[in-house]
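Scroll down for the structure; my scribbles are underneath it.
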Amino acid sequence: MRVTPADVLTIFRLVLTPVFLALFVIGQDGWALAVFCVAGATDLIDGTVARLTKSPSKMGALLDPIADKALIQTCFISLGVAKILPFWFVLFALARDLMIVTGIIYLTKTKVELPLRAIVVSKIATFSMLLVAALGLAVKMDPGLAFMGLRLSVWLIYAVIVTSALILVSGVRYMMLGFEILRRRRMHDERYNSR
């Protein structure tokens, strides 16, 4: 199987996830934030790299969302345990990501062709989740930090509200897309079997 430059970035993100967790657990908040930001940046550029190098891959289509969710959920759960993020939000985001990963695994096992590109609202939701995670890590590092006259903890509340709406919309959109893919597959199988 050919490994593309975008796939390397995705694998690098997977490798950085346990590094981030270790730094978070031992209380190295600044380093944990730095590693998270580097890992998050690979998520923001791997799609662009794939397009520029004209090298989208099936491995990338499968690994990329798993790497995203591993990084974000590791951070969300850690921040939930540290009482930086509300636990309802952590569970809400986790439920959506488990649904997506389960759907990908199911469709892959049933040999259904997966779209190589994420839907737009999901990309926006992922960016918003990365922002929530980075804000949460910054609040943990220094609760007194402020931006434009407001403490980051207040910005974090606003970000959680907006991100919750995006999680809901993208989750519903993915459910609709999954059912549509399965419907098309069933129609294709029925036509094939009726010959």
- line: Scanning the range 147-158 residue by residue, those of a type in the set (G, A, S) and either touching a Ser or Thr at 6+ places or on another chain (Cβ under 9 Å) or at positive phi (or both) turn out to be G149
The range 131-164, residues that are over 25 Å from I66 (Cα atoms), crowded, with 16+ Cβ neighbours inside 10 Å and among the β-branched types (V, I, T): V139
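Taking the options S128, S122, name whichever one is part of a helix (DSSP H, G or I), buried (at least 19 other Cβ atoms within 10 Å of the Cβ) and at pLDDT 90 or above.
Details: S122 fails: at pLDDT 90 or above.
Step by step, each of S128, S122 is checked, and only S128 is part of a helix (DSSP H, G or I), buried (at least 19 other Cβ atoms within 10 Å of the Cβ) and at pLDDT 90 or above.
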message: Tell me whether the range 137-153 contains one or more residues that are within 13 Å of the chain's Cα centre (by Cα), under 30 Å from A22 (Cα atoms) and either of a type in the set (G, A, S) or not in a loop (DSSP other than H, G, I, E, B) (or both).
response: no
task: Consider only pairs whose beta carbons are under 8 Å apart and that are at least six residues apart or on different chains; among these, list those whose first residue lies in the range 94-108 and is farther than 18 Å from L71 by Cα and surrounded by 14 or more Cβ atoms within 10 Å (Cβ to Cβ) and whose second residue is modelled with pLDDT of 80 or more and aromatic (F, W, Y).
output: G103/Y174
field: Pair list, Cβ < 8 Å and 6+ apart or interchain, from the range 66-86 residues that are in contact (Cβ under 8 Å) with a residue 40 or more places away in the chain to residues that are buried (at least 20 other Cβ atoms within 10 Å of the Cβ) and not in a helix (DSSP H, G or I)
entry: F76/L85; L79/L85
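The values are calculated or read from the model by the stated rules, or taken from the named source; none is laboratory data. Everything numeric in this text was worked out from a predicted model, so none of it was measured. No Cβ is skipped: glycine too gets one built from the backbone with ideal geometry, and neighbour counts run over all protein chains shown.
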